[in-house]
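Below you'll find the structure, written out as structure tokens, and then a few comments.
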Amino acid sequence: MKELPLTVKRSIELFGLLLIGALFVVGSDIIMPVIMAFFISIMLVPVYRFLRKYKVPEIIAIVFPILLVVIFVGLIVWFFSAQVANLVADFPEIKKNVAIHLKSLSQWISSVSHYSPTQQLDFINKKSNDLLNMAGGMASGAALTLSSIFVFVGLLPIYIYLMLFYKDILLKFIFMWFKTDHHPKVKEAIYETESIIKNYLVGLLIQITYMTVLLGGLLMLFGIEHALLIGIIFAILNLIPYVGALIGNIIGVLLTLTASTSMAPVITVLAVIAAVQFLDNNILMPRIVGSKVKINALIAILGVVLGGSLAGVSGMFLAMPIIAVLKVIFDRTEMFKQWGVLFGDERPSKSPMTFPMFRKKAL
């Protein structure tokens, strides 16, 4: 059979990428729960195998680890709700502090511009009316978002159960796509993918726990209000590479400003977050996750942004494990090996422009 020209192959690859992106845009509400369930089911496989080893019935061996996940998520939601309740209880004090900050901001704006406090108030009132007009349209969108979240959460346990129950069928389906000679490579890719996903997801669960305890505990020692709430919000947002940490810093500063009229607590919060994040990025997380797959920062950021635009918050959270799995697959196929190089962080020892194949022959 005649091999296709290189340009045709690359055109097919780019068309395939475009088609996959279109599928994610159109069917993200269906695809994202399936991908999330796939990752969680792989994380639960060791528990399933352990229970089956001791002759536990298959149904119980599947349902038990799913119940553990539900209980864990429920505890996180309960803890977060309790912290938010404490924040709501301090609302009168927060309202007073916000008024002080707004007054200081208004005085500063008056000192550096020609806008008086009265003009600023008129501007705020006009914009408030615009926001109120937008609120009606946003309410329906919020209702749709909440309904999609409930559908997402409701389908996850069902998908996880079925994937664990039919995992042998899924594996047979994968092997049947390849020739028998390629089965050792397929088996190696499956084992490595399983290892990467387990290390990544278990590492993230551990990271949420120690980030909340470490950051929240240190902020409490420094007397920062709502320390545990800042800790858990930052720990969850930090799961989104690069972007999440920035948003977490902003929310931490805003929560601190609402609880104090001084700037000293804000500086303390930023310093503690920076120290904990440095410890997490350079010492703790690399040892916990220990992934052999290294993704370069450019692809990581693009993946998070693209995942968010295609599939919302769930796409941002799942971007990194999806990219890691794709790199494992690309590295083991001749056709897509260049994509594996693009995703990786192994920089060439010298510029590819100096390689013999890129030099023009002297005339």
>> Quick test for you: out of VAL253, VAL269, VAL243, VAL202, pick the one residue that is of a type in the set (Val, Ile, Thr) and crowded, with 19+ Cβ neighbours inside 10 Å.
In response: VAL269
> Taking only pairs six or more apart or across chains, which ones have beta-carbon atoms under 9 Å, a first residue in segment 293-320 that is at positive phi, and a second residue that is of a type in the set (Gly, Ala, Ser)?
Replying inline: GLY312/SER28; GLY312/SER148
> Quick one: would you say VAL8 is in a helix (DSSP H, G or I) and either over 22 Å from LEU156 (Cα atoms) or among the charged types (D, E, K, R) (or both)?
Replying inline: yes
> Which of the following residues is acidic (Asp, Glu), over 20 Å from PRO265 (Cβ atoms) and at pLDDT below 85: ASP122, ASP90?
Replying inline: ASP122
>> If I ask for residues that are in a loop (DSSP other than H, G, I, E, B) and within 10 Å of ASN296 (Cα to Cα), which ones from segment 328-350 would you list?
In response: GLY344, ASP345, GLU346, ARG347
> Can you name every residue in segment 1-25 that is at pLDDT 75 or above and within 23 Å of the chain's Cα centre (by Cα)?
Replying inline: LEU18, ILE20, ALA22, LEU23
> Do the conditions hold for ILE169, that is, is it assigned by the TED database to the domain that holds PRO33 and exposed (fewer than 14 other Cβ atoms within 10 Å of the Cβ)?
Replying inline: yes
> In this structure, does LEU221 turn out to be without any contact (Cβ under 8 Å) to a residue 60 or more places away in the chain, crowded, with 17+ Cβ neighbours inside 10 Å, not hydroxyl-bearing (Ser, Thr, Tyr) and not assigned by the TED database to the domain that holds LEU87?
Replying inline: no
>> Need the failing condition index for SER195 against (1) touching a residue at least 12 places away in the same chain (Cβ under 8 Å); (2) within 19 Å of PRO46 (Cβ to Cβ); (3) not aliphatic (A, V, I, L, M), just the number.
In response: (1)
> Among (1) β-branched (Val, Ile, Thr); (2) closer than 16 Å to LEU162 by Cβ; (3) surrounded by fewer than 11 Cβ atoms within 10 Å (Cβ to Cβ), which single condition is ILE71 missing?
Replying inline: (2)
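The values are calculated or read from the model by the stated rules, or taken from the named source; none is laboratory data. Since this is a predicted model, take the numbers as computed values, not measurements. Cβ coordinates were reconstructed from backbone atoms using ideal geometry, including for glycine residues, and neighbour counts include every protein chain displayed.
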